[in-house]
1. Residues to consider are B:Arg578, B:Arg547; find the one that is closer than 25 Å to B:His482 by Cα and either of a type in the set (A, V, I, L, M) or not in a loop (DSSP other than H, G, I, E, B) (or both).
2. Which numbered condition in (1) of a type in the set (S, T, N, Q); (2) in contact with a helix residue (DSSP H, G or I) (Cβ under 8 Å, 6 or more places away or on another chain); (3) free of Cβ contacts under 8 Å to residues at least 12 places away in the same chain is the only one that B:Asn3 fails?
3. Taking the conditions exactly as written (part of a helix (DSSP H, G or I), surrounded by 13 or more Cβ atoms within 10 Å (Cβ to Cβ) and within 14 Å of chain A (Cβ to nearest Cβ)), does B:Arg478 satisfy them or not?
4. Helices (runs of 4 or more DSSP H) wholly in the range B:293-371 with at least 2 residues that are closer than 26 Å to B:Gln192 by Cα - which ones?
5. Would the range B:374-395 turn up any residue that is more than 30 Å from B:Leu466 (Cβ to Cβ), within 14 Å of chain A (Cβ to nearest Cβ) and not β-branched (Val, Ile, Thr)?
6. Can you tell which of B:Arg200, B:Arg193, B:Arg182 is within 30 Å of B:Gly40 (Cβ to Cβ) and open to solvent by 30 Å² or more (accessible area, probe 1.4 Å)?
7. Go through (1) within 28 Å of B:Pro302 (Cβ to Cβ); (2) free of Cβ contacts under 8 Å to residues at least 40 places away in the same chain; (3) out of contact with any Asp or Glu (no Cβ under 6 Å at 6 or more places or on another chain) and name the single condition A:Asp84 misses.
8. How about the range B:94-110: which of its residues are small (Gly, Ala, Ser) and surrounded by fewer than 18 Cβ atoms within 10 Å (Cβ to Cβ)?
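The values are calculated or read from the model by the stated rules, or taken from the named source; none is laboratory data. Being a predicted model, the structure only gives us computed values, none of them experimental. Reconstructed Cβ throughout: ideal geometry from the backbone, glycine too, with neighbour counts over all protein chains shown. Side chains included, ligands, DNA and RNA excluded: accessible areas come from the protein's heavy atoms. Shrake-Rupley method; radii C 1.70, N 1.55, O 1.52, S 1.80 Å.
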Amino acid sequence: MAKEYRTIEDVAGPLMLVRNVKDVKYDELGEIELVNGDIRYCKVLEIDGEDALVQLFESSIGISVNTGKVRFLGRGLELAVAADMLGRVFSGMGQPKDGGPEIIPDKMMDVNGTPINPAARDYPNEFIETGVSAIDGLNTLVRGQKLPIFSASGLPHARLAAQIARQARVLDDSEKFAVVFAAMGITFEESDFFIRDFRRTGALDRAVMFINLADDPAIERIATPRMALTAAEYLAFDQDMHVLVLMTDITYYAEALREVSAARKEVPGRRGYPGYLYTDLASLYERAGRIKGKKGSITFVPILTMPDDDKTHPIPDLTGYITEGQVILSRELHRSGYAPPVDVLPSLSRLKDKGIGKGKTREDHANTMNQLFAAYSRGKDAKELSVILGEEALSEIDRLYAKFADAFEQEYVSQGFETSRSIEDTLDLGWDLLSMLPKNELKRIREDLIDKYYKGA
Amino acid sequence: MDNRVRGEIIKVSGPLVVAHGMRDANMFDVVEVSEQKLIGEIIEMHGDDASIQVYEETAGLGPGETVVSRGLPLSVELGPGLIGGIYDGILRPLDVLVEQEGNRIKKGAFAPALNREKTWTFEARCKVGDRVFGGDILGLVQETESLAHRIMVPPHAAGEITSIESGDFTVTDTICRLKDDRGKTIELTMMQRWPVRIGRPYIEKIAPEEPLVTGQRSIDSFFPVAKGGTAAVPGPFGSGKTVIQHQLAKWAEADVVVYIGCGERGNEMTDVLMEFPQLEDPKTGYSLMKRTILIANTSDMPVAAREASIYTGITIAEYFRDMGYSVSVMADSTSRWAEALREMSGRLEEMPGEEGYPAYLGSRLAVFYERAGTVRCLGSDNRTGILTAIGAVSPPGGDLSDPVAQSTLRSVQVFWSLDSQLAYRRHFPAINWLTSYSLYSQKVDAWLDDNVAKDYSQLRKDAMRLLQEESALEEIVRLIGHDALSEEDRLKLEAARSLREDFLHQNSFDEIDTFTSLKKQYRMLSLLMSFYYEGRRFLGAKGSYDRLFKMPIRDDIARFKQVPEEKAEARYEELKARFQSDLAALHAEEK
């Protein structure tokens, strides 16, 4: 029986100070028993002599300095994992939320995980077909990658994420696949959208969901992504499944982190976020990947909303430095009615080069991808110029590029949220568009490929 | 009997542990924390209390546990066996840990950096009776096909050799005995230890002059870094910092490359581990991994070890430099190192400087970059060693006013400024030619003219001017359109465009384009610039610019970068001649 302390001294925001403790360890999990028998969880943030500073994982409502009892459990925060988790919905703290029974644990896992030894990692190089041309063709996703969606309020990131979860498949389709979904601070409607979509497409049976809604305690959000990733690790590396982790919204997670940091009166980094935000986010994102000798993998698609559409805001900025690329949604394209409104130029998949080409997608993939980027970029420049000076001011070739850019947005990018295109269709469509341009403009494509695929005059 | 200093933990806060009873320990001593023997380093002393940064996860530590000082500063083992390895920030071999502990990094895991069982064939180069001093080469070990590991007398040892023999030894076997001036016997092994925070000694520094050939066109031809120089690559995410660092690690002309992945992605290290063994060093023809050492402290690994990683890396680099080799160090990214520094500083409750970074950020960075250089090594054979340091910087939002970027710029000579706009256009490497600079240009120019072609630097200057003029002309076009430009200005725009697309743009993932020799770079530049020089003459003679621009040979010139190195010379001569004759034909038609 763990020792019980009735020595709560301060409760302020998410922090609590417990005095005169003995044998309490850093990062240890504690439970607080309220006078009505409720249990709340907390963890040790700092231990200084006999004082333990703890961070609550749940709301502090009802905690009394007089009557509250604290027990330290001699372990970190853990999650009970089992294959039966599939098809279930949990709270942000890992408690069943769907009215079903408790999970009979196969084992208990520390939610903080342990870093993967870089020498044990296997390089992600298996192409995942999402059926979305702007991703498959230009910003290819591979198994074990972490590719966030940078969105902003009012943009349809949820629909794109659901589309990916629905359509994603690998070309060799015989393996076990699962989705782990974590909601942090999103609205009921958004979370409901995902649940419905998963149910509609039958994905719910192979999904594990952790839901922390906007009205749930903000502080709980610090544990939620770790719960989800722990479940993902179990499914991937113990159950040999290929796991797609969708997480929304990282911005709310970072805000919860800031709340704790502010309460501790730490020296803030940019915009009040703690200086260790990078390290903290990395401890989540880096849990994606493949491990040598293991069949399963974790592919991670976190979603974040950029405050004020600002890509240099610390949350998207630090995320971009850790993840292997980003898919950026554009308000302008969204306004023009293009769906999904993927802004392909600033979007990027760093691992694409290893997942494409002969034997994976098609021999012409890398070359056409570069050419499409270059041509679209030039077309956008031309369009910009024509806005100022009128179309007449453009040279003949620039006019062609401008036309290309329009066609590219309408046909290539805007495919709708329900269409799934095979990679062959995507690549062929690319050639259809490139064939609008004269052959000698296609400098980034090898000659033999032009001879084989070019359809223009 | 054990007289090491012992203390007791009184406080744990993340990677910072405070221990009581440590009065007799020294600053920067390495300590073992708790029964798990987690490695830490004393970074502050307050009377009896020592503040310790712990290089491993501290979850589970609590007051009352013991702290034992090893009485030595943080040191690394140097000797045969380092090449081709992957290590964490305090030089624990990660591949050995995988075998020992499994796929994840467990606390308190330990394995020595150098394999204790493996034997190396030592070939003595000194004999009994020789008087040797620190830095003298005792003998050789062929560590990899491409690298002879020179076994040196440690910097502060000296004496007369009383025994030395060739043969197969492990790194801990005695290979040589010295008798020093006081008659004391010193036993030498192939392994040395060196404290990472102290630079290894040398006789003197020499100003660098030769360029470090990297095979990257915009670097070698426009913003060269000298052998023994320092360079920084700042850029927002997605602008290709890591690709540039990888390209340099692959192709830069060096005997040894130390790649420090400091707080970056795990998969990037895996990429290096899997790709490098497949690639061939253009200089020796052997696998690139045979000259590479990886220090991997990824972003999810303990933050304090990240702080140590760049010192560990540069100490290894100095060790190989001392053998007389040319060594390159790539640190990706120094911003993550600075963040580790900031995190420790915050936990120590120090008064912060800019953006929460500690006030000593600038001086720490300067110390790191100053450890680069061309030096006359210790030892009586007068050899020179070269250490080139290239650091990536990841400024928030790409904003160069960031304290890490600013402090770095004060310490380095070359600045490759990566531009997200170029990256969006997939112009890689996204080195912005208007804002980047190299303070070595002048020295390197002279070298290029002497060693490659006598008009190389002139071509480069003209090309640079053309690119500058292009940006001014672009402004005009944006305001009043193409039609307002004179024919000569249009030629400038056209020539600059082909410089950008056909010279500066370089595809790292293309087998041929990934590396371009200096000779071929010169030839490309010369072909592209002759279009401009000759075009000007042609327009001066009232030729039609439309026909000039549409000359079919221009496509062939543009595709010259795809020509393999061994065929480049013949192709160049052919293109050069054909261009002249085609132009002459055009002249004749116009008349």
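1. B:Arg547
2. Evaluating B:Asn3 over (1) of a type in the set (S, T, N, Q); (2) in contact with a helix residue (DSSP H, G or I) (Cβ under 8 Å, 6 or more places away or on another chain); (3) free of Cβ contacts under 8 Å to residues at least 12 places away in the same chain leaves (2) as the failure.
3. In short, yes.
4. B:303-322, B:361-370
5. Yes, some residue in the range B:374-395 is more than 30 Å from B:Leu466 (Cβ to Cβ), within 14 Å of chain A (Cβ to nearest Cβ) and not β-branched (Val, Ile, Thr).
6. B:Arg193
7. (1)
8. Within the range B:94-110, B:Gly102, B:Gly108 qualify.
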